[in-house]
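Remarks on the structure that follows.
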Amino acid sequence: MKSLNYLNNIMAKIEAMQAGCDEGIMLNEQGYVAECTGDNVFILKDDGVIYTPPISSGALDGITRRAVMEVIKAEGFVCKEEVLTRFDIYTAQECFLTGTAAEVIPAADYHRRPIGARKPGATTLKLIAPLKKPANSEGTAGPL
């Protein structure tokens, strides 16, 4: 649920910045990946599928998240909601973050460990333009 209580997110963002990071991944009470401090997280695994944590893990079910999932499918990729661990992030081929203001942000490191080739991957790069176009013309990050 989106509410006006972002204290946990603000504290996590401060912690990430103090650690020299631009963003932080937040875990739920079971230790599973929920979301970032202000964005949703998506990873590409070796199987070619893009994964994102389910709402039940604590991910915000926002308009942008749903629009990104639709664009992923429209671009011919498979997107699945799955419980993710930190190990999934460590071993991902690609990782990107999405948010209304951020649109798509490639992630190159997690806990100072490289993700994939430590640069934006081909899949992430392929998704940037289709997500930017509706955001710039309609004010949303994709078809609703």
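Key figures
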{"read-out": "Distribution of pairwise C-alpha distances over the chain, 5 Å bins, in %", "value": "2, 10, 20, 24, 22, 14, 6, 1"}
{"read-out": "Sulfur and carbon atoms: percent of accessible area, segment 1-101 [1.4 Å]", "value": "54"}
{"read-out": "Label-point separation, Ala108 to Ile10 (7 Å along Cα→Cβ), nm", "value": "3.1"}
{"read-out": "Antiparallel DSSP beta bridges within the chain, percent to nearest 5", "value": "85"}
{"read-out": "Translational diffusion of segment 22-69, µm² s⁻¹ [Kirkwood Rh, Cα pairs; Stokes-Einstein; 4 °C; 1.567 mPa s]", "value": "115"}
{"read-out": "Surface/4 estimate of mean projected area, convex hull on alpha-carbon atoms of segment 81-136, nm²", "value": "4.4"}
{"read-out": "Only Lys, Arg (+1) and Asp, Glu (-1) charged, at Cβ; the chain dipole about Cα centre in debye", "value": "260"}
{"read-out": "Segment 1-83: translational diffusion in µm²/s, Stokes-Einstein, Kirkwood Rh over Cα pairs, 20 °C, 1.002 mPa s", "value": "157"}
{"read-out": "14 Å reach of a label modelled at Ala19, 7 Å along Cα-to-Cβ, counting backbone N of segment 35-67", "value": "35-38"}
{"read-out": "Kyte-Doolittle mean at least -1.0 and Cα axial length at least 20 Å: DSSP H helices in the chain", "value": "122-138"}
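The values are calculated or read from the model by the stated rules, or taken from the named source; none is laboratory data. Note that the structure is a prediction, hence the values are computed from the model and not measured. So basically every Cβ, Gly included, is an ideal-geometry build from the backbone, and we count neighbours across all protein chains shown. Surface accessibility is based on the protein's heavy atoms, side chains included, excluding ligands, DNA and RNA. Shrake-Rupley method; radii C 1.70, N 1.55, O 1.52, S 1.80 Å.
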